[in-house]
Amino acid sequence: MLNPNVVLKNIVHQAHTDATLALIARALLAYIFIVAGWGKLTAYSATVGYMESMGVPGAMLPLTILVEFGGGLALLFGFQARFAALGLAVFSLITAFLFHGGAEDSINFMKNFAMAGGLFFLMLHGAGRFSFDHLIEK
């Protein structure tokens, strides 16, 4: 009997395919954090105002930018990717409750949870062969 799950597993478990898909997955996860971190950096004053309106001290913005932009770049390049993924997953869960907890923002609340799930998976499985982590760990 043909099992599509086994067929797909046999395709993606080839070394080059696995490494390529891991790189694409990291890039897709990193994209939102890099863009968000850069946006906060370029609209610093407005972001401070928004954070303070949500009850979060504006003094937290430099740390937020570091986590989002720095963590996103770490994911993209696969540098300390397990640690970056853990940090971004926790960050995503915290920000879900702080900024997206209302019923009118339930899509972003769920998006943050979904991203955390992908990030926890990356934390468990690592960055893959096309990464700085792979070069360092060799």
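The values are calculated or read from the model by the stated rules, or taken from the named source; none is laboratory data. On a predicted model such as this, the values are computed, not experimentally measured, just so you know. Note that each Cβ is placed from the backbone with ideal geometry, even for glycine, and that neighbours are counted across all protein chains shown. All accessible areas refer to the heavy atoms of the entire protein, side chains included, with ligands and DNA or RNA removed. Shrake-Rupley method; radii C 1.70, N 1.55, O 1.52, S 1.80 Å.
Below are the figures for this structure:
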quantity	calculated
Residue within segment 35-48 that is among the β-branched types (Val, Ile, Thr), farther than 30 Å from Arg129 by Cα and touching a helix residue (DSSP H, G or I) at 6+ places or on another chain (Cβ under 7 Å) present	yes
Failed item, numbered, when Phe79 is tested on (1) hydrophobic (A, V, I, L, M, F, W, C); (2) without any contact (Cβ under 8 Å) to a residue 40 or more places away in the chain; (3) closer than 28 Å to Thr20 by Cα	(2)
Residues of segment 24-60 classified as under 19 Å from Asp105 (Cβ atoms), among the hydrophobic types (A, V, I, L, M, F, W, C) and surrounded by 15 or more Cβ atoms within 10 Å (Cβ to Cβ), total	5
Test for Ala116: is it surrounded by fewer than 13 Cβ atoms within 10 Å (Cβ to Cβ) and among the hydrophobic types (A, V, I, L, M, F, W, C)	no
Test result for Phe130, in contact (Cβ under 8 Å) with a residue 12 or more places away in the chain, open to solvent by 20 Å² or more (accessible area, probe 1.4 Å), farther than 13 Å from Ala30 by Cβ and not in a helix (DSSP H, G or I)	yes
From the options Ala15, Ala85, Ala27, Ala22, residue that is closer than 18 Å to Ser131 by Cα, touching a residue at least 12 places away in the same chain (Cβ under 8 Å) and in contact with a His (Cβ under 9 Å, 6 or more places away or on another chain)	Ala22
Positions within segment 72-98 being more than 30 Å from Glu137 (Cβ to Cβ) and either surrounded by 17 or more Cβ atoms within 10 Å (Cβ to Cβ) or among the β-branched types (Val, Ile, Thr) (or both), in sequence order	Thr95, Ala96
Qualifying residue in segment 22-30 (condition: more than 20 Å from Gly117 (Cα to Cα) and not aliphatic (A, V, I, L, M))	no
